[in-house]
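Take a look at the structure set out below.
The values are calculated or read from the model by the stated rules, or taken from the named source; none is laboratory data. Just so you know, these numbers come straight off a predicted model, no measurement behind them. When we count neighbours, we look across all protein chains shown, and the Cβ atoms used for this are built from the backbone with ideal geometry, even at glycine. For accessibility, only protein heavy atoms count, side chains too; no ligands or nucleic acids. Shrake-Rupley method; radii C 1.70, N 1.55, O 1.52, S 1.80 Å.
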Amino acid sequence: MGAWEGVCIHDTQCPGDSDESEVKYFKREWRNRRAFVHAFVDGDSMTQCAKWEYKSWGCGNGNSRFINIEMCSAHSQADFNELYKRTCWLAAKKLYERKLGVIDGVTLVSHAWVSKNLGGTNHSDPISYLKQWGKSWADMVKDVETAYEALSNEAKQQETVINVAVDDKVICKGILIDRRSYAPIRAIGEALGKVVVWDDKQAKTSVNGTVIKSTVNRDGITYGWSGELAQVTNTKLEWNGKTKTVHY
């Protein structure tokens with residue numbers, strides 16, 4: 001799948017299960033079931049069972065667009081509260097890693113949303129499951145947003161200013177966040193002879209017609225993840241840890 005664009009949330013609808021039991025089952029039966037997802041979450045742990053880059057078989061026509069996270073059954077309100085919190089955090093973490101933001105119906109969807117809007121499936125989870133334990137889909141969106149903001153604030157406290165060079169000449173400053181380097185999109189794109197366009201309506205920047213998905217904004221400047229910028233511009237990328245410089 002590679003460039004997934006959001007997270008789809010499910011519930012297993014399997015009383016008494018756990019993330020461990022679900023992972024064992026799907027590893028054994030996924031070919032017969034013709035289904036598997038990326039991760040399961042229960043009240044005391046969460047388990048990734050497929051690489052995030054793999055296209056899973058979990059939400060019909062949304063499979064090529066979303067990673068899929070399943071909430072296991074809850075044994076009590078306290079158990080649900082914990083697995084719900086873990087699910088919100090995991091969804092927020094994956095969205096934050098690509099700086100996609102939390103947008104209901106765009107970057108964060110339910111299986112029910114996929115059934116209604118994209119098709120290829122007819123499931124309606126996790127709406128009833130959330131309601132059973134006193135939550136709504138709107139609550140989940142809000143709580144994922146809160147977790148996303150917390151991750152963002154934590155990252156800002158750990159940001160490091162770095163140098164950005166083109167042809168071994170430092171042309172601007174970038175930032176290092178969570179061991180990922182980000183460079184000013186316009187400065188890099190234009191230095192490499194590419195066309196950089198800002199879409200004010202969608203608040204997105206494109207380089208040679210390709211929208212940069214992993215971005216952060218600081219003081220009115222939009223920075224793009226160096227790995228994505230290198231791929232879009234077909235440029236070799238190197239990192240010099242001693243001088244804290246990313247080279248294009």
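At-a-glance table
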{"item": "Kirkwood hydrodynamic radius of the chain, Cα pairs, Å", "result": "19.5"}
{"item": "Highest-first arrangement of 64-72, 104-112, 194-202, where packing means the average Cβ count within 10 Å", "result": "64-72, 104-112, 194-202"}
{"item": "Packing-based order for 209-222, 30-43, using average beta carbon neighbours within 10 Å, highest first", "result": "30-43, 209-222"}
{"item": "Quotient of C-alpha Rg and 2.2 N^0.38 Å, computed over segment 1-129", "result": "0.97"}
{"item": "Rounded accessible area per residue of segment 96-248, 1.4 Å, Å²", "result": "56"}
{"item": "Over 24 Å (Cα to Cα) - which of LYS135/LYS156; LYS55/LYS156; LYS93/LYS213; LYS27/LYS116; LYS51/LYS242 fall in this group", "result": "LYS135/LYS156; LYS55/LYS156; LYS27/LYS116; LYS51/LYS242"}
{"item": "Residue-averaged 222 nm ellipticity for the chain, from DSSP H runs of 4+ at -39500 (n - 2.57), nearest 500", "result": "-10500 deg cm²/dmol"}
{"item": "Inter-label distance, nm, simple model (7 Å from Cα along the C-beta direction), GLU238/ARG33", "result": "4.8"}
{"item": "Distance from segment 112-136 to segment 1-30 (C-alpha centre basis), Å", "result": "15"}
{"item": "Length added when fully stretched, GLU53-GLN157, from 0.36 nm per residue minus Cα-Cα", "result": "34.6 nm"}
{"item": "Förster-model FRET efficiency, 35 Å R0, GLN13 and ASP178, C-beta, rounded to 0.05", "result": "0.50"}
{"item": "Positive-end residue, the chain charge dipole about Cα centroid, Cβ charges, pick of GLY220, ILE185, VAL114", "result": "ILE185"}
